[in-house]
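The values are calculated or read from the model by the stated rules, or taken from the named source; none is laboratory data. Quick caveat, the model's predicted, so the values are computed rather than measured. Every residue, glycine among them, receives a Cβ derived from its backbone with ideal geometry; neighbour counts consider all protein chains shown. These accessible areas exclude ligands, DNA and RNA; they are computed on the full protein's heavy atoms, side chains included. Shrake-Rupley method; radii C 1.70, N 1.55, O 1.52, S 1.80 Å.
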Amino acid sequence: MGYKVVVAGATGNVGREMLNILAEREFPVDEIAALASRKSLGTEVSFGDKTLKTKDLDTFDFTGWDIALFAIGSDATKIYAPKAAKAGCVVIDNSSLYRYDPDVPLVVPEVNADAVTGYAKKNIIANPNCSTAQMVVALKPLHDRATIKRVVVSTYQSVSGAGKEGMDELWDQTKAVYNPTADVPAKKFTKQIAFNVIPHIDVFMEDGQTKEEWKMVAETKKILSKDIKVTATCVRVPVFVGHSEAVNIEFESHLDEAEARDILRESPGIMVIDKRENGGYVTPIECVGDYATFISRIRQDPTIDNGLNIWVVSDNLRKGAALNAVQIAEVLGQRCLKKG
Ligand SMILES: NC(=O)c1ccc[n+]([C@@H]2O[C@H](COP(=O)([O-])OP(=O)(O)OC[C@H]3O[C@@H](n4cnc5c(N)ncnc54)[C@H](OP(=O)(O)O)[C@@H]3O)[C@@H](O)[C@H]2O)c1
């Protein structure tokens, strides 16, 4: 016996990956519904070797459905997640709407799978921001060994993190550079993204950091430890898929780079590729379509007492969103919503 599963936002970047990953991982599905907005009614999306026609989220009745994976943005989530939850369907949400709600667990299964059991207060579980997800996967085993005090992270985030429109803007602007008759002004991003980098993701906050940077701080504290200090600079780069992060970590006690490499090699969800030679590290193009969080460039930081630098790369549509959501659904099924 399997589950009745809904994917809301099935025509989007994350929703399509959710359907792929549910099929790839053979999630026990009895019935599946692919939902999007009314304008996409009947749009065909793939689920394994099947084709599904999307239905209208606005008129969908969640009664009798077990799990809904949401990837529709905060505004629409505010309307539809409470509807689904009230009908008894557990929502696993990818927007930022519920991430900081104390009654909603924020979960990365490699880090805090036990938190899933807290779903029942609102029938909602939140998925973290893509940049946070891959970073905490890398930090957790190191924190368990030497207790992290402070993290300084700079991100290099792909345009797919801004949805389908972000990918289209990079594609169209890149073409326009070679064909200057076509003008493609910045719309989704604040400046030209093709052949450029933009140190601005999400809105500015009063203290000068952006909301994306604030999210990395708040979410790391909620998922891993409230005592870890984090400071982030989040940058959009002209890469289609795959977020990269340069992470500087300060520990309470000494952690040798060789031991850190061994610990990371043995840890769930992580693939270490770290050879000190040309090409002996991972770049975003190589991580696309993969489940792992890749770690390279592991080295001591000689400027502080107990410091390490690492380079962390992952597919933002997978570990940063769809894969993490499906992993949460797996834990939920195994521990809370047992079938059969
Ligand atoms: N991309 C990432 O790396 C990433 C990572 C973590 C979290 N997220 C979050 O995941 C969510 C989706 O992101 P995405 O990148 O997949 O965006 P996207 O490619 O722009 O897709 C958005 C999806 O939401 C649907 N949608 C939007 N408004 C709707 C409404 N009012 N009613 C019904 N469906 C609606 C769209 O349907 P139509 O096609 O019919 O418009 C589409 O299926 C966002 O909350 C985002 O912040 C994204």
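For a paramagnetic label modelled at 7 Å from the Cα of V177 toward its Cβ, which residues of segment 219-256 fall within the zone defined by backbone nitrogen distances under 14 Å? Counting only backbone N, you get 237-240.
To the nearest 0.05, what FRET efficiency results for R150 and C336 with a Förster distance of 30 Å applied to their C-beta separation? It comes to 0.30. Counting Lys and Arg as +1 and Asp and Glu as -1 over every other residue whose Cβ lies under 15 Å from the Cβ of F62, the net charge comes to -1. Candidate cross-link partners of K191 among the lysines, defined by an alpha-carbon separation under 17 Å and a same-chain spacing of 8 or more, comprise K175.
Roughly how far apart, in whole Å, are the Cα centres of segment 214-275 and segment 1-42? Using only Cα atoms to place each centre, the spacing works out to 30 Å.
Any idea what the dipole of segment 188-264 comes to, in debye rounded to 20, about its Cα centre with Lys/Arg Cβ at +1 and Asp/Glu Cβ at -1? Intermediate results must be reported in sequence, preceding the final value.
Values: 10 positive and 14 negative charges, 120 e Å.
Magnitude of the dipole: close to 580 debye.
Placing a pseudo-label 7 Å from each Cα along the Cα-to-Cβ vector at E24 and A87 gives an inter-label distance of 2.9 nm. Considering helices alone, the calculated mean residue ellipticity of the chain at 222 nm is -9000 deg cm²/dmol, with DSSP H runs of length four and up weighted by -39500 (n - 2.57) and normalised per residue.
Taking max minus min of the alpha-carbon positions on each principal axis, the chain gives extents of 58, 58, 42 Å, largest first.
How many lysine pairs in segment 1-140, separated by 8 or more positions in sequence or lying on different chains, have Cα atoms less than 23 Å apart? Going through segment 1-140 pair by pair, I get 24.
Rounded to the nearest 20, the size of the Cβ-charge dipole of the chain about its Cα centre is 660 debye, with Lys and Arg at +1 and Asp and Glu at -1. Placing dummy labels 7 Å off each Cα toward the beta-carbon, the span from D75 to D101 is 2.0 nm.
Can you give the charge dipole size of segment 184-340 about its Cα centre, rounded to the nearest 20 debye, using +1 on the beta carbon of Lys and Arg and -1 on the beta carbon of Asp and Glu?
840
With R₀ set to 51 Å, the beta-carbon distance separating T59 from N309 gives a calculated FRET efficiency near 0.50. Pair-distance distribution P(r) for segment 1-114, from all Cα-Cα distances in 10 Å bins starting at 0: 14, 47, 33, 5 percent. Of all beta bridges that DSSP places with both ends in the chain, some 45 percent have antiparallel geometry.
Taking each residue as 0.36 nm, the span from K188 to K164 lengthens on full extension beyond its C-alpha to C-alpha distance by 7.6 nm.
Note on exposure: D58, D315 ranked by accessible area (1.4 Å probe, complete protein assembly) read D58, D315, with the most exposed listed first.
On a 1.4 Å probe surface of the protein chains, which of E206, E165, E266 comes out largest in accessible area, and what is the full order? Walk me through the numbers before you get to the answer.
Numbers: E206 200, E165 115, E266 155 Å².
The residues order as E206, E266, E165, largest area first.
Per residue, the convex hull spanned by the alpha carbons of segment 195-303 comes to 159 Å³. Between the beta carbons of E259 and D202, assuming R0 = 41 Å, the FRET efficiency works out to 0.70 to the nearest 0.05. The 1.4 Å probe gives accessible areas that order K319, K83, K39, largest first, as K39, K83, K319. Rounded to the nearest angstrom and listed largest first, the equivalent-ellipsoid semi-axes of segment 40-90 from its Cα gyration tensor are 21, 13, 10. In segment 10-141, the DSSP beta bridges split such that about 30 percent are antiparallel, to the nearest 5.
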